[in-house]
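Please treat every number below as a calculation from the coordinates, not as lab data. Keep in mind that what you see is a predicted model, and the values were worked out from it rather than measured. Cβ coordinates were reconstructed from backbone atoms using ideal geometry, including for glycine residues, and neighbour counts include every protein chain displayed.
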Amino acid sequence: MPTVLILGAGSDMAIAIARKFAQKKYSIQLAARNANRLSALVTDTTLRYGVDCTLHEFDALNYASHPDFFASLNPKPDVTVCVFGVMDDEDAAFSDWKLTERMINTNFTGAVSILNTVAGWYQSQKKGCIAGISSVAGERGRQSKLVYGSSKAALTAYLDGLRNKLFASGVHVVTVKPGFVYTKMTESLKLPAALTATPEQVADAVCSAVDRKKNTVYVKWMWRWIMLIIQCIPEFQFKKMKL
């Protein structure tokens, strides 16, 4: 039975992804801070899908702990999905370095730290798959997503490079760009229905991309063309726009 590791397992997207892989009869490794809060999910997953499901304490910002964390996993996962991330208020982050630092270190530095460790193992085994949840916000720098977007742009570039680095070893890397997603964090926002995915749609996209070895996936296809249009706006005009 194959195994999937979910990094940042407490979010709505992560839970949906875990359940989707469990439907496909993967053993599930849930990694998160305060992992015991997910004990009900472990019980539900085990009973509902008849697969092994385990909890693992993981802190994306405790970089020094990442090698030991991965070494402790038994079995090692066949697929690793990096879901964790944070999006603070951009205006607040612009004037508060601690918020800026938290977004950068969670969305990029922490991801690079753990995925370098995972990638090194997969490279040595000449097999494995990594899926990273990035964002359409990283496609072009915008004032409304100044720090978040730039941290996700860095993550996208890292995943691109990692895919290139590991290809010859038979290891695949998937970049997933969800766009807007209905979650507990966004339930107070008025999101455009046509452009907003459910956690289950994100989960379907991740599992399909892993199975089909896709490189980059937009959960809602419209985002690919929306962001292409935004990228094509000349800079002399773009800098005057409030996006």
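Which ordering of M103, M13, M227 is given by a fewest-first count of other beta-carbon atoms within 10 Å? Can you show the working numbers first?
Numbers: M103 22, M13 29, M227 18.
The fewest-first ordering by Cβ neighbours comes to M227, M103, M13.
Applying 1/(1 + (r/R0)^6) with R0 = 22 Å to the Cβ-Cβ distance of M241 and F94 gives a FRET efficiency near 0.75.
Note: relative contact order over the chain, using C-alpha pairs below 8 Å and six or more positions apart, is 19 percent. Label separation (K165 vs M1): 3.3 nm, computed from points 7 Å beyond Cα along the C-beta direction.
For the pair region 129-167 and region 178-236, the centres of their Cα atoms are 13 angstrom apart. Packing order of peptides 174-184, 59-69, highest average first: 174-184, 59-69 (average count of other Cβ atoms within 10 Å over each peptide's residues).
Exposure proxy for S134, S39: other Cβ atoms within 10 Å of each Cβ, ordered fewest to most, give S39, S134.
Output the peptides 30-37, 165-172 sorted from most to least packed, where packing is the average of other Cβ atoms within 10 Å over each peptide's residues.
Details: 30-37: 17.6, 165-172: 15.5.
In decreasing order of mean packing, 30-37, 165-172 become 30-37, 165-172.
Applying 1/(1 + (r/R0)^6) with R0 = 30 Å to the Cβ-Cβ distance of N62 and Q231, what FRET efficiency is obtained, to the nearest 0.05? Please list the in-between numbers first.
Working: r = 36 Å, r/R0 = 1.19.
Given R0 = 30 Å and the Cβ-Cβ separation, E is 0.25.
Measuring between alpha carbons in the structure, the pairs from K145/K242; K25/K220; K145/K165; K177/K220; K20/K214; K20/K152 lying more than 19 angstrom apart are K25/K220; K145/K165; K20/K152.
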